[in-house]
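Asks: A single structure is presented below for examination.
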Amino acid sequence: QVQLVESGGGLAQTGGSLRLSCSASGIILSADSMGWYRQAPGKQRELVAVVTSGARTNYADSVKGRFTIFKNRNTVYLQMNSLKPEDTAVYYCNVRYGGEYWGKGTLVTVSS
C-alpha cells in the first residue's frame with residue numbers, strides 16, 4: 001500500500017555533507033510520522049531523526065546539531081552535515097501510517 005523510495009546516499013569525507021530523500025507513495029492524508037533510522041555493521045538499527053504530523057522533531061543525541069530532518073508533503077529529507085566516520089551505516093526511511101513501512105535503505109560511507 002505504501003512504497004518508500006530513498007536516494008542521496010554515497011561516499012563523503014569527514015566534515016562533508018549529504019542529503020537523503022525519501023518519497024512515500026500511496027499516502028493521501030498526512031502520515032503519523034516520517035523518519036530515518038540507520039544500522040552500522042554489527043550493530044542494531046537505531047533512530048536517527050523523526051518528524052511527526054504535527055511537525056515536531058526528535059533527534060538522536062549523536063547527530064543533534066549536525067543533522068536536520070524536514071518534510072514536504074509525502075517526502076522527508078535528512079540533511080547531514082559535519083559527517084563523521086561513525087555515521088557510516090545503511091540509512092532506512094520509516095513511515096507510520098496505519099502501519100509501519102520501511103525503505104530498502106541507502107548506504108552512507110564516511111571516509112576518515
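The values are calculated or read from the model by the stated rules, or taken from the named source; none is laboratory data. Model, not experiment: these values are computed from the prediction. Every residue, glycine among them, receives a Cβ derived from its backbone with ideal geometry; neighbour counts consider all protein chains shown. To get the accessible areas, we keep the full protein, side chains included, count just its heavy atoms, and leave off ligands, DNA and RNA. Shrake-Rupley method; radii C 1.70, N 1.55, O 1.52, S 1.80 Å.
Asks: Looking at region 6-29 only, could you name the residues that are of a type outside the set (Gly, Ala, Ser) and either at pLDDT below 95 or more than 18 Å from the chain's Cα centre (by Cα) (or both)?
Replies: Across region 6-29, the qualifying residues are Gln13, Thr14, Ile27, Ile28, Leu29.
Asks: Mind counting the residues in region 34-49 that are open to solvent by less than 30 Å² (accessible area, probe 1.4 Å) and either aliphatic (A, V, I, L, M) or not in a strand (DSSP E or B) (or both)?
Replies: 4
Asks: Can you say whether Met80 is in contact (Cβ under 8 Å) with a residue 40 or more places away in the chain, touching a Leu at 6+ places or on another chain (Cβ under 7 Å) and not aromatic (Phe, Trp, Tyr), as far as the supplied structure shows?
Replies: The answer is yes for Met80.
Asks: Give the number of residues within region 69-87 that are over 15 Å from Gly26 (Cα atoms) and open to solvent by less than 40 Å² (accessible area, probe 1.4 Å).
Replies: 6
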